[in-house]
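See below for the structure under consideration.
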Amino acid sequence: MTARPAPIVRFSVVESTQTTAFELAAGGAADRTVVVANHQSAGRGRRGRTWADAPGTSLLVSILVRPRVAPVLLATFSIATGVAVAEALDRATGIEARLKWPNDVRVRGRKLAGILVESRIGAPAAADDDATGIGGSEPRRTHSTPPTPCVGPLVPVAETRIGGTEPRRTHSTPPTPCVGPAAPVTMVIGVGLNLAQRTFPSELADRATSVVIETGRVPDHDAMLETLLEEFDAWRARLETQGFDPVRERWLAWSETIGCRVTVDTVSGVAVGLDADGALLVDDGRGVQRIVAGEIAPEVDHAARR
């Protein structure tokens, strides 16, 4: 039997496409339900920031995902989505974007798109879902060894993202895959892509850009959405069937972070790669550290490569 296509739910204005997607999930919406809005009155970004948009200028989309991966790979959905956005931009507009860890999509050092991944444990699955897959989240932490999922209770959190650093060591041990069932997870992946902004507020003017600024053309919203969803579906499928390796390889090809000197919280050094769970690997001269959350300090955006 042919699977029914997941719906695209469109709004003129919502408070937040993320909030709306979680509300639909609570009512049993199907995996890969998409929420699109022309404007958000209270959009949100990473680390508690707001996402401001003028009506009709951005592609604002949230995708409901019931992941079929081990809990240790949940954070890699952010990496996979970054790859999908970069690939979609290349196909639809010819823009060759660059990816800044963990999830910014940039051109000429300016932000073109942002990604927000939020997850909740134990949210109801859709009645017609074939499987909810393996899912879960670990407790929020600042310093961490590589995650060992499915040991002890899972702690519900409002948002799951790569987070924290772990003690210095000379190599990184790949995370241990989950064995056995875990609580089902509902994930919502939000993408905000600047399309038609010709100017930005003064505080963003040197840090943000749009498709029209980069190409001189405003792309069709629906065509851009279609291409983005095609790429998202393809990279999600690779992640869920082949693991993180093909996603990591493509992210590294688009990355502007690897090879640069970076500072994340108290860790400074050269970014040398991604670990098996999406953590950033930084060589600080005394060993390689795993950075599982945080934000690269702005002053390193234009740092010389090694």
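Overview of values
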read-out: In range of the label at residue 98: residues from segment 196-213 whose backbone nitrogen is under 19 Å from the point 7 Å along Cα→Cβ; value: 205-211, 213
read-out: Separation of alpha-carbon centers, segment 58-74 and segment 201-269, rounded to whole Å; value: 15
read-out: Likely footprinting exposure, 15, 231, fewest C-beta neighbours within 10 Å first; value: 15, 231
read-out: Distribution of pairwise C-alpha distances over segment 181-280, 10 Å bins, in %; value: 11, 27, 35, 24, 3, 0
read-out: Phi-based couplings in Hz for segment 229-241 (Karplus 6.51, -1.76, 1.60; Gly and Pro marked x); value: 5, 4, 5, 4, 4, 5, 6, 4, 4, 5, 4, 7, 10
read-out: Where labels lie 7 Å past Cα in the beta-carbon direction, separation of residue 13 and residue 295 in nm; value: 2.7
read-out: Nonlocal amide H pairs with residue 37, under 5 Å, H built at 1.01 Å; value: 11, 60
read-out: Rule-of-thumb Rg ratio for segment 59-108 [Cα; 2.2 N^0.38 Å; N residues]; value: 1.27
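Each value in this text was obtained by applying a stated rule to the coordinates, not by laboratory testing. These figures come from a predicted structure and were not determined experimentally. No Cβ is skipped: glycine too gets one built from the backbone with ideal geometry, and neighbour counts run over all protein chains shown.
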